[in-house]
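Everything on this sheet refers to the single structure shown next.
The values are calculated or read from the model by the stated rules, or taken from the named source; none is laboratory data. These numbers come from a predicted model, not from an experiment. Note that we place each Cβ from the backbone using ideal geometry, even for glycine, and neighbour counts take in every protein chain shown. Areas reflect the complete protein model, heavy atoms only, side chains present, ligands, DNA and RNA absent. Shrake-Rupley method; radii C 1.70, N 1.55, O 1.52, S 1.80 Å.
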Amino acid sequence: MNQNKPTIAQKPRLSFWQIFNMSFGFLGIQFGFALQTGNASRILQTFGADVEHLSWFWLAAPITGMIVQPIIGHYSDRTWNRLGRRRPYFLTGAILSGLALFFMPNSSMLAALIPPIVVGAGMLMIMDASFNVAMEPFRALVADNLPDSQHTTGFSMQTCLIGVGAVIGSWLPYVFAEWFGIGKTAEQGIVPNNVLYSFYIGAAVLIGAILWTVIRTKEYPPEVYATFHEKDESDSGHKGGLSEIFSDLANMPKTMKQLGLVQFFSWFALFSMWVFTTPAVADHVYHIPAGDTTSVAYNDAANWVNVLFGVYNAVSAVYALLLPRIVKKLSRKRAHAFSLVMGGVGLISVFFITDPKLLVLSMVGIGLAWGSILAMPYAILSSSIPASKIGVYMGIFNFFITFPQIVNGIIGGPIVKYAYSGHAVYALVMAGVFMFLAAIAVLFVKDGRKIQIIEPAVNKS
């Protein structure tokens, strides 16, 4: 053992506004992501997709995420140019995401050449790939720029801004239709104007928010960054190519493997919610016949789902600000377990509700779970991985998000069709059970707690 190790400098603690500026781009990403999750099933049904096939179309999203995020993480760990280390990637992702947001609801324009459902599914894939290009480096940026004592604060700030962006993105179609009288119905195979205009604004907000972070946030140059971390011996002889991703995957920390099980249950549940909430609410609460995608009643149901998704994101934004204090009282694992249980209760409660307005109560529980899912696993993970591999391990960690969605995407539709006789509400009940399983699994995660989450490890200077 080398007893003369160089002194490791402490990263300076950043101010509230520095952390805010660093995370602001996530507001734009989630604005676009909320439009996708709240309206993709609606758009695909408009273009002719059956309920039992929706999960198959949604497979495009996790498959692209599984491929894109580790690659982006791998190369962002090795990128140092005038823009920085992470900023070139989320700027590129923003531009591509904006283009996809513009083209997806306009897929019918190409109907003479390609069936709109094919174009729509393709745009969903491109959109999600672009979101992943932009999103993954933001996670790594928190670990790059913040000291360990501020990791939970950083990820909670991201979660708060995610919630704000998602609320606006989720509510926009409803606001356009109900407040401004913009058309909420259209001819068969055409996306209503209230959705179209929402996607246009989403594209502009996404690009603008990420530009704010690119302009207002600086990254440490490599020689300064190196002073904050011990030399990672495992990195000295790296192959330098994509094959190294597989080596890193095989040697992931134990904590990361344990969190993988928690993520599997959590994201299996979330995928069911995103895919099946619109058909579940239309069928179970509004009693709309299967196949009806043009009536005022169906579009009212779909617009109300956007409002509900905005509610759970609003709850998550507020909850994220409280998480650091809750963690200080309970621990990261117990705080996350509690949040997941509340999410399970919220999902299952949809089955027992017949008044659309009461679904807001279900969204409160889901919002607690969502706020914690976006912060706690990353806070735990960031303390267990080497600094030289933050980007690639954050990308690999995405496997545990995308894999359960792929599994759900393959089996979810047939389960709804054959086991639930086409009643999508039972998929939400199943999702609630999976949230409970995630809550149990997180209690067995090894959280080394090598750092104090709230208080700085060094003096206030």
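Taking segment 73-97 as the range and being open to solvent by 20 Å² or more (accessible area, probe 1.4 Å) and hydrophobic (A, V, I, L, M, F, W, C) as the test, the residues that pass are 80, 83, 91, 95, 96. Does residue 302 qualify as being in contact (Cβ under 8 Å) with a residue 24 or more places away in the chain, among the hydrophobic types (A, V, I, L, M, F, W, C) and farther than 18 Å from residue 438 by Cα? Here the answer is yes, as residue 302 does meet what is asked. In summary, residue 316 fulfils each of the numbered conditions (1) within 21 Å of the chain's Cα centre (by Cα); (2) at pLDDT 90 or above; (3) closer than 30 Å to residue 446 by Cα with the single exception of condition (2). Of all residues in segment 412-427, those satisfying the criterion of being assigned to a helix (DSSP H, G or I), touching a residue at least 60 places away in the same chain (Cβ under 8 Å) and open to solvent by 50 Å² or more (accessible area, probe 1.4 Å) are 417, 426.
Out of 297, 290, 282, one residue alone is open to solvent by 40 Å² or more (accessible area, probe 1.4 Å) and free of Cβ contacts under 8 Å to residues at least 40 places away in the same chain. It is 297. Any residue in segment 257-265 that is surrounded by 23 or more Cβ atoms within 10 Å (Cβ to Cβ) and within 22 Å of residue 193 (Cα to Cα)? Looking through segment 257-265, none of the residues is surrounded by 23 or more Cβ atoms within 10 Å (Cβ to Cβ) and within 22 Å of residue 193 (Cα to Cα).
Select from segment 157-180 the residues that are out of contact with any helix residue (DSSP H, G or I) (no Cβ under 6 Å at 6 or more places or on another chain) and closer than 28 Å to residue 48 by Cβ and write down the one among them that is most open to solvent (accessible area, probe 1.4 Å). Applying the filter and picking the extreme gives 178. Number of residues in segment 311-370 that are crowded, with 18+ Cβ neighbours inside 10 Å and of a type outside the set (Val, Ile, Thr) equals 30.
Evaluated against (1) open to solvent by less than 10 Å² (accessible area, probe 1.4 Å); (2) at pLDDT below 75; (3) not charged (D, E, K, R), residue 242 falls short on exactly one condition, (1). Within segment 24-61, the set of residues being surrounded by fewer than 24 Cβ atoms within 10 Å (Cβ to Cβ) and small (Gly, Ala, Ser) comprises 48, 49, 60. Number of residues in segment 77-116 that are among the β-branched types (Val, Ile, Thr) and at pLDDT 75 or above equals 2. Within the set 6, 12, the sole residue that is out of contact with any helix residue (DSSP H, G or I) (no Cβ under 8 Å at 6 or more places or on another chain), at pLDDT 80 or above and in a loop (DSSP other than H, G, I, E, B) turns out to be 12.
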